[in-house]
Each structure stands twice: as C-alpha cells, then as structure tokens.
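K.L.:
The structure follows.
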Amino acid sequence: MYIYWKDKNGKIFSISSVSNYKLTPTDYTEKNIYYMQNDEITGQGVNYDFSGESGSSPVKVANGRIEFKLPLFNEPFVVFEGNKFTATRQGEFIDYWEKVQ
C-alpha cells in the first residue's frame, strides 16, 4: 500500500506499507513486514517500522459491500464494493480506486 497527500500548505505526508494479511467474513488480520511514514505536516520526518506488529479488526459484509479498519499505524477505514475501493482517514483524506476492465 502507498498513500500520499499534501496539506493546504504543500507539506507532504506519505505512508508505504508491506504486510501479510488474512481476510475472513468476520475479521481482517494484518502483520507488518515494512512500514515507512514521511510526516512533514507535523515535522516528525521519516520513520520506519520493521517490528512485525500484528493487529486485527472486525469485518462487516452486507449486500456485496466489505468494510473494515486497517488495524495498524492509524491506517484508514476501507470499503470494497463491486469494482470500487475507498479508503478514508477521518479529517485527512478520502481515496477512491476503481478497477479498470
């Protein structure tokens, strides 16, 4: 996963992540392999995490829609619906993807 945005002042925030994951009808589980965050917005700069931390969150499945919160590093809430994917980090961004056929 890679996410990147700029704030209104042009400062950058980006996340790059590689994880093992498991998605079931009831749970999403993620184990961190590599995580990098570049936070110019708060001035924290670049940070790396190779801890292998794990986390899980409940999954809601209804009417062809799958919803869950990515459990590590304050990552976004995600929704899969048909050919569309939406990731939302409250107060910071909403990203939309659509599968091209």
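Computed from the coordinates by the stated procedures, all read-outs in this text should not be read as laboratory data. What you see is a predicted model; the values in this text were computed from it and never measured. Note: ideal-geometry Cβ built from the backbone for every residue, glycine included; neighbour counts use all protein chains shown.
K.L.:
What net charge is computed for the residues neighbouring Phe73, neighbours being all others with C-beta under 9 Å from the C-beta of Phe73, Lys and Arg scored +1, Asp and Glu -1?
P.N.:
After counting each charged neighbour, the total is -3.
K.L.:
What is the local net charge at Asn63, summed over the other residues whose Cβ is closer than 14 Å to its Cβ (Lys, Arg +1; Asp, Glu -1)?
P.N.:
Cβ neighbours under 14 Å give a net charge of +1.
K.L.:
Rounded to the nearest 0.05, what FRET efficiency is calculated for Val46 and Gln101 with R0 set to 41 Å and r the Cβ-Cβ distance?
P.N.:
0.65
K.L.:
Please compute the contact order of the chain in relative form: average sequence separation of alpha-carbon pairs under 8 Å and at least six residues apart, divided by the residue count, as a percent.
P.N.:
Answer for the chain is 16 percent.
K.L.:
Taking the chain as a Gaussian network, Cα atoms linked when under 10 Å apart, which of Pro25, Pro71, Pro58 shows the biggest mean-square fluctuation?
P.N.:
Of Pro25, Pro71, Pro58, the Gaussian network model singles out Pro25 as fluctuating most.
K.L.:
Moving to a separate point now. Consider the candidate values [x] 56, 27, 16; [y] 68, 29, 20; [z] 42, 30, 26; state which one is Cα extents along the principal axes in Å computed from the structure displayed.
P.N.:
So the calculated entry is the one marked [z].
K.L.:
Which residue, Val46, Val78, Val59, has the most motion in a Gaussian network model of the chain that connects Cα atoms within less than 10 Å?
P.N.:
Val46
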